[in-house]
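See structure below.
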Ligand code: TXA
Ligand code: MG
């Protein structure tokens, strides 16, 4: 079942929100929009409902889920301690694209946290998500609503492409805003550690709580995963993606080489790069001067790759400043090669 909610609609007591919330509290799976990507939700206290998420996505059981709440104070029921820094982050960024890892108190289905002693919590900044979570009045476990390994969904169409027939419902709230997932930060450590870059940047976090660490897996040359999810192949279309660092001159050489070998070459590039190369592209990411917009378009564009007949897609390498950190993290994970 698909419930369509239009922008600007009054969501309190909205019949669709009430119905979708009932689905959740009755142990069903419901996909819904957040400001980052669409999530696939289920009651985080209900083992079977949570299992249905793993089954629908084909998600490995050792990859824990984020618990979504509609009110800040609910998390006290599920965590043993909120450090001063964690509280400052909550005050500064919730609702928002920041998932905070805290020591778990139990009380949630054990498969939510994949047996870890910690739990990731987040209050999303999207009117539909907030209305749904508040109406359901339960903690909702929700990973991104894609098949495991595919790009996360930024529209309800993407959700249906992957999960139609495998979930109980989806709330269509239009396109999501940020376009990549939340930042995940481990606040069980004295110096909090960013496990996954995302919608809230490192600089924004450090402006509130001072210096933080980066997970070793995010530092070049080390790929021991800390956040269980980071070790899996992600966001990847079936067609190989190569990230090409360097100038348009360097990219032109790769294009010529590949075309010489008879390959059909797609270009996932900025307006500026298309102009420099003098080549049109159907995988355009917008202006490189607006990385927020490039990030918003990334997953849609990655999905588009599989609708086109390319043998290889060359992607531009963008600045890792600000939101560029999350953008390039996802792009490099989607890539089969970085040259
Ligand atoms: O923006 C988002 O975060 C979206 C929307 C739907 O909220 N959700 C999302 O969930 O991206 P998911 O499951 O696709 O990614 C959750 C990430 C995974 O990398 C997982 O391993 C990590 O968070 N994670 C969850 N709980 C954790 C924990 N207790 N300790 C370490 N990492 C954890
Ligand atoms: Mg995901």
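Read the figures in this text as sums done on the coordinates, not as results from a lab. Bear in mind the structure is a predicted one, so any value in this text is a computation, not a measurement. Please note: Cβ atoms are built from the backbone with ideal geometry, for glycine as well, and neighbour counts cover all protein chains shown.
Annotations for the structure displayed:
- Crossing angle, helix 15-25 versus the chain [Cα axis fit, 0-90 degrees, rounded to tens]: 80
- Sequence ranges 241-249, 141-149, ranked by mean other-Cβ count within 10 angstrom, highest first: 141-149, 241-249
- Oblate is the label for region 1-99, because the ratio a/c of its alpha-carbon gyration tensor axes (a ≥ b ≥ c) is 1.5 or higher and a/b is not greater than b/c.
- In the chain, the longest principal axis of the Cα atoms and the axis of helix 291-305 are about 80 degrees apart.
- Our compactness index for the chain, the C-alpha radius of gyration over the empirical 2.2 N^0.38 Å, is 0.99.
- Between helix 47-57 and the chain: long-axis angle, C-alpha atoms, 0 to 90°, nearest 10: 10
- Annotation: peptides 122-129, 23-30, ranked by per-residue average of other Cβ atoms within 10 Å with the highest first, follow the order 122-129, 23-30.
- Only helices enter this figure: runs of n ≥ 4 DSSP H residues, each worth -39500 (n - 2.57), summed and divided by the residues of the chain, yield -9000 deg cm²/dmol at 222 nm to the nearest 500.
- Whether region 241-338 is rounded, prolate or oblate, judged on the alpha carbon gyration tensor where a/c under 1.5 counts as rounded: prolate
- Among 37, 171, 180, the largest mean-square fluctuation in a Gaussian network model of the chain (Cα springs under 10 Å) belongs to 171.
- When the chain is treated as a Gaussian network with alpha carbon springs shorter than 10 Å, the biggest mean-square fluctuation among 117, 307, 292 belongs to 307.
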